[in-house]
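Coordinate-derived values only; no laboratory data. In this text the structure is predicted, and so the values were computed from the model without any measurement. All Cβ positions, glycine included, derive from the backbone under ideal geometry; neighbour counts span all protein chains shown.
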Amino acid sequence: MDQKLEYLLRQGDNALILSQQLSKLCGKGPALEEDMALTNVALDLLGQTRMWYAYAAELEGKDRSEDDLAFLRDAQQMRCCLLVEQPNGNYADTMVRQFLFDTWHYFYMQAQLNSSDARIVEIAAKSIKEVTYHLRRSGDLIVRLGDGMAESHAKTQAAVNNLWPYWGEMFKYDAVDEAMAAAGVAPDAAALRAEFIEHVGEIFAEATLTMPALDAWMHSGGKKGVHSEHLGYILAEMQFLQRAYPGAQW
Amino acid sequence: MSVMNTQQADTAQVWDWLEQVPDPEIPVISVVDLGIVRGVQWIDDECVVTITPTYSGCPAMQVIAETVEQALHEHGIEKVRLVNQLSPAWTTDWMSEAGRAKLKGYGIAPPAQQVIDISGLKGGIKRSAGPALTVACPNCGSSHTQLTSQFGSTPCKALYKCLDCLEPFDYFKCH
């Protein structure tokens with residue numbers, strides 16, 4: 001598969017799967033304001049998915065639509081990182097997952113503003129404004145939960161410990177990422193990782209959370225289509241209609 | 001060669017017509033007030049209107065595109081083409097003064113006149129409020145207000161409350 005196409009699908013799939021995960025919480029948020037925030041973030045991510053897929057579909061030139069890319073690919077063909085497919089769990093789980101993703105997303109989109117690919121610069125310029133709001137919110141909530149009550153602190157620390165092995169993959173470049181970085185399309189991984197660690201460290205310190213070891217063992221595989229069991233369930237729900245009624249349209 | 005039977009309205013006239021097309025979510029302001037319409041031009045007998053999305057996932061964009069097309073058809077323009085433009089990305093700085101005044105009259109605090117600071121990680125981004133903004137209450141005018149949530153009833157709004165008249169209100173956030 002074309003490397004740039006693969007690269008674009010990774011971006012789109014991250015946004016799509018996290019959007020789907022957050023959408024499941026619609027009407028179930030712990031407070032009305034949180035419910036609205038979750039669905040707003042889900043909507044932003046869905047919009048960003050469409051920008052990536054539209055570009056990917058054009059590049060591929062095989063007449064696949066954005067919908068085809070979202071609904072007609074099975075787990076092995078999805079390129080999202082493992083972090084976004086982790087379960088919603090309790091609210092600390094949801095928000096730690098979000099905070100780790102948002103921090104990566106923020107620095108990644110900042111860097112993408114300097115991509116050698118003009119279309120990616122456009123997508124990043126549109127996305128970064130939204131992502132900035134996302135990161136402000138998730139960082140704030142991590143501090144509130146971590147530096148809140150004993151129970152919220154314990155749950156948030158547990159969520160951090162459980163989700164910690166899932167962020168390394170985002171900075172672990174494979175041949176596709178390396179080729180894109182060499183072409184100036186993707187940002188440099190090492191610089192990005194340093195920014196990520198610094199921000200996460202600052203927020204965790206303010207939240208009185210203990211940051212697990214930076215050299216901890218990390219899961220990987222999502223970028224290549226080797227996913228955790230969770231993705232299958234997510235797709236089974238998200239793609240149900242197209243699987244039950246192929247070609248169905250609104 | 002076919003002869004056109006409708007006279008081409010000049011682009012200023014088309015802009016005037018678009019000023020009458022309401023935003024579907026906030027019908028007191030027009031799509032022009034909101035800064036969504038980025039250009040109007042004629043290419044042969046086709047009227048090309050360039051629009052840009054507010055937020056990338058804004059569900060109103062489809063409706064806006066259809067409403068614009070329909071409005072121009074009603075004014076006698078046969079061929080209308082909508083072009084969706086991503087760049088430069090929409091900003092609340094493009095909102096007209098008239099639009100800001102209308103928002104306020106409708107009970108939504110207009111955006112403080114600055115785009116969101118995307119570089120503000122140090123200090124600003126740590127806690128939710130970001131750079132300190134003074135948002136005046138659209139009901140009583142007091143600037144003694146407080147952020148309830150950065151995310152409101154639509155992607156473009158935040159929730160505030162007035163600490164003087166105690167009314168909750170929507171704030172059209174900077175973007």
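Listing for the model above:
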read-out	value
Contact order normalised by residue count of region A:52-120, Cα under 8 Å, 6+ apart, percent	19
Built amide H within the under 5 Å cut-off of B:Phe169, gap 5+	B:Tyr160, B:Lys161, B:Cys162
Per-pair calculated FRET efficiency, R0 = 30 Å: A:Ala205 and B:Arg38 via Cβ, rounded to 0.05	0.10
Prolate/oblate/rounded call for region B:11-84, Cα gyration tensor, a/c under 1.5 rounded	prolate
Violating pairs (Cα-Cα greater than 18 angstrom) within the set A:Lys4/A:Lys126; B:Lys104/B:Lys157; A:Lys129/B:Lys161; A:Lys129/B:Lys157; A:Lys126/A:Lys172	A:Lys4/A:Lys126; A:Lys129/B:Lys161; A:Lys126/A:Lys172
At q = 0.09, 0.18 Å⁻¹, base-10 log of I(q)/I(0) for chain A (Debye sum, equal scatterers on each alpha carbon)	-0.37, -1.57
Among beta bridges that DSSP assigns inside chain B, antiparallel share in %, nearest 5	65
Long-range amide H partners of B:Lys157 with built H, under 5 Å	B:Gly152, B:Lys173
Dipole in debye (nearest 20) - region A:93-144, about Cα centre, beta carbon charges: Lys, Arg +1; Asp, Glu -1	120
Dipole moment magnitude, nearest 20 debye, region A:120-250 about Cα centre, only Lys, Arg, Asp, Glu C-beta charged	400
Relative contact order (%) - criterion: Cα under 8 Å, at least six apart; region: chain A	26
Cα lying deepest toward the dipole's positive end in region B:6-82, options B:Val21, B:Ala71, B:Thr52, charges on Cβ	B:Thr52
Viscosity 1.567 mPa s, 4 °C: Kirkwood-radius Stokes-Einstein D of chain B over Cα pairs, µm²/s	73
Alpha-carbon Debye profile of the protein assembly as shown, log10 I(q)/I(0) at 0.06, 0.12 Å⁻¹	-0.27, -1.05
For region B:57-73, Karplus couplings with θ = phi - 60° (6.51, -1.76, 1.60), whole Hz, Gly/Pro x	x, 4, x, 7, 4, 4, 5, 4, 4, 5, 5, 4, 4, 5, 4, 6, 4
Sequence-separation-based contact order of chain B, relative, with Cα cut under 8 Å and 6+ spacing, percent	18
DSSP bridge orientation in the protein assembly as shown - percent antiparallel, rounded to nearest 5	65
Interchain or long-range residues, amide H under 5 Å from B:Val80's placed H	B:Cys47
Förster radius 56 Å - calculated FRET efficiency between A:Ala182 and B:His144 (Cβ-Cβ, nearest 0.05)	0.55
Check: region B:11-84 dipole with +1 on Lys, Arg Cβ and -1 on Asp, Glu Cβ, in debye	220
Förster radius 30 Å - calculated FRET efficiency between A:Ser65 and A:Ala175 (Cβ-Cβ, nearest 0.05)	0.60
